[in-house]
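The values are calculated or read from the model by the stated rules, or taken from the named source; none is laboratory data. Keep in mind that this is a model prediction, so the values were computed, not measured. Methodologically, a virtual Cβ is constructed for each residue, glycine included, from the backbone with ideal geometry; neighbour enumeration extends over all protein chains shown.
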Amino acid sequence: MKVLITLLLSLTLQAAMASHADDGRGLFQQNCAGCHGENGDGGVGVPLNLPAFQASVDDHYLRQTIRLGRPGRVMPGFPSLSDAQIDQLIAYIRGWTGKPAPKFPRDPVQGDPARGGQLFAQHCASCHGEDARGGHGTGVTMSRKRDLPILAPALNNSGFLAAASDALILNTIKHGRSGTPMPAFGQAGLNEQAMKDITAWLRSLEKSIQPRTPPEHVEPVIVVEADDTYENTIQAIKDTIIGNNFRFIREQKLEQGFFPDDQVSQKETILYFCNFNFLYDAMNVDPRVGMFLPCRITVVERDGKVQVMAINPKAMSILFNNDELDKACDTMGQIYRDLIEEATL
Ligand code: HEC
Ligand code: HEC
């Protein structure tokens, strides 16, 4: 339990501290650098310091993107930052290129959305995904350099569509983002009307976006009572872990390191285990799963009762903003339930 509390506490503290830096640089370091890189050169998040990026987005887009985030994608919203703090962030980001922000008209672009949808499937879906749902995962895998902006953003996203005007979208399609995989379609065979049709189709997606609703009730901890003794239960869990093709890593007394050795309770043990395929897949979805991997199951005996427990990964993942991570954590939770059930039968 202490582990969960420590973890939750440090997350909450991070969130609370995040709003205290009072200049653009400090705000960026605390809230953004972890994903977008210390100098905005990219990481889990796309690079923000590229001249081509900055020339393609107005300040309204930056402001709305920071405010709203990209619901269900990795990019969080920052509703608690004040307008003044967001202005400081934007000034800091613009400082990397020193160029003035472009301005885009707010009028809608006229185009044929049906034709745009077909063109999108032909020219864009290979990167931006079917229905413009975005590239898969974070783009960060263990085999690629962290600063490579491989992942194509979701364009069917309420945060993106609220931030981007039609003119901004059209301009991005036309000129691309030099320095990233996003091609300049003005030079790659699409005429003005085709690009307007695609823009009109992207805009039309706004109507069908479902608001992201967090799950109603998630049990923070999976707890099962075991009928067997403390020692036998630990052995049964180890056997089940190995029997299910997980690698057993180690066991440790829960309080080890928190108290002097002679005061550490001998009746509280954490078992660490892993399955490297799962680890790889999960890290690919979101490197933050590293916070709750490797898998761990805790066995405690209190008042003669033996309990087997695991932190429900879903309770952790709802703190983040990633539909794919939610799914991976559902899988992880199910793995825990199955293992614990099998071991305590
Ligand atoms: C947890 C990681 C994470 C954090 C923290 C984060 N971002 Fe992002 N950000 C992303 C990702 C990933 C994307 C791409 C969205 C997508 O894939 O759909 C993104 C997109 C953006 C975009 C749009 C870029 C574009 O190409 O149009 C801007 C602007 C942005 N972030 C600014 C910020 C700022 C400013 C902060 C801090 C206040 C911040 N982000 C914090 C991950 C993050
Ligand atoms: C080869 C892959 C690839 C193709 C093909 C591609 N894109 Fe992109 N696109 C990207 C990447 C990667 C980014 C993020 C660029 C960055 O880091 O600033 C992007 C960014 C964008 C953006 C800005 C959104 C944001 O949040 O940054 C829009 C709009 C966009 N693309 C539209 C399109 C359209 C429309 C097409 C088809 C006509 C298309 N793209 C084809 C890879 C691609």
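What the table below lists for this structure:
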quantity	calculated
Residue within segment 305-317 that is surrounded by fewer than 15 Cβ atoms within 10 Å (Cβ to Cβ) and without any contact (Cβ under 8 Å) to a residue 12 or more places away in the chain present	no
Only listed residue being on the phi > 0 side of the Ramachandran plot and in contact with a His (Cβ under 9 Å, 6 or more places away or on another chain), chosen from Gly189, Gly179	Gly189
Filter result (farther than 18 Å from Gln29 by Cα, more than 7 Å from ligand 1 (Cβ to nearest atom) and modelled with pLDDT under 95) within segment 60-76	Leu68, Pro71, Gly72
Candidate set: segment 72-93, residues that are part of a helix (DSSP H, G or I) and among the small types (Gly, Ala, Ser); chosen: the one farthest from Gly40 (Cα to Cα)	Ala84
Any hit, segment 285-295, residues being within 11 Å of Met332 (Cα to Cα) and assigned to a strand (DSSP E or B)	yes
Ala152 vs. criteria closer than 22 Å to Asp131 by Cβ and more than 29 Å from the chain's Cα centre (by Cα)	no
Residue match in segment 92-99 (condition: at pLDDT below 95, surrounded by 16 or more Cβ atoms within 10 Å (Cβ to Cβ), among the aromatic types (Phe, Trp, Tyr) and within 11 Å of ligand 1 (Cβ to nearest atom))	no
Residue match in segment 140-159 (condition: modelled with pLDDT of 90 or more, farther than 13 Å from Thr199 by Cβ, within 9 Å of ligand 1 (Cβ to nearest atom) and surrounded by 17 or more Cβ atoms within 10 Å (Cβ to Cβ))	yes
Residues located in segment 80-91, provided they are more than 8 Å from ligand 1 (Cβ to nearest atom) and within 19 Å of Asn321 (Cα to Cα)	Ser80
Single unsatisfied condition, Arg177 versus (1) modelled with pLDDT of 95 or more; (2) under 17 Å from Phe53 (Cβ atoms); (3) of a type outside the set (S, T, N, Q)	(1)
Spans of strands (runs of 3 or more DSSP E) in segment 173-277 with at least 1 residues surrounded by 19 or more Cβ atoms within 10 Å (Cβ to Cβ)	221-226, 268-274
The listed residue being out of contact with any Ser or Thr (no Cβ under 9 Å at 6 or more places or on another chain) and among the basic types (Lys, Arg), out of Arg250, Arg212	Arg250
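A quick yes/no check of all residues on (1) closer than 30 Å to Val289 by Cβ; (2) of a type outside the set (Gly, Ala, Ser); (3) touching a Pro at 6+ places or on another chain (Cβ under 8 Å):
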| position | (1), (2), (3) |
| --- | --- |
| His36 | yes, yes, yes |
| Asn49 | yes, yes, no |
| Arg67 | yes, yes, yes |
| Gly72 | yes, no, no |
| Phe78 | yes, yes, no |
| Asp87 | no, yes, no |
| Ile90 | no, yes, no |
| Gly95 | no, no, no |
| Lys103 | no, yes, no |
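Yes/no matrix, rows are residues, columns are (1) modelled with pLDDT under 90; (2) β-branched (Val, Ile, Thr); (3) within 11 Å of ligand 1 (Cβ to nearest atom):
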position: Leu11; (1), (2), (3): yes, no, no
position: Gln14; (1), (2), (3): yes, no, yes
position: Ser19; (1), (2), (3): yes, no, yes
position: Asp23; (1), (2), (3): no, no, no
position: His36; (1), (2), (3): yes, no, yes
position: Ala52; (1), (2), (3): no, no, yes
position: Val57; (1), (2), (3): no, yes, yes
position: Phe78; (1), (2), (3): no, no, yes
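Residue by residue, here is whether (1) touching a Lys or Arg at 6+ places or on another chain (Cβ under 8 Å); (2) at pLDDT 80 or above; (3) farther than 18 Å from Arg337 by Cα holds:
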{"site": "Phe259", "(1), (2), (3)": "no, no, yes"}
{"site": "Gly290", "(1), (2), (3)": "no, no, yes"}
{"site": "Leu293", "(1), (2), (3)": "no, no, no"}
{"site": "Val306", "(1), (2), (3)": "no, yes, no"}
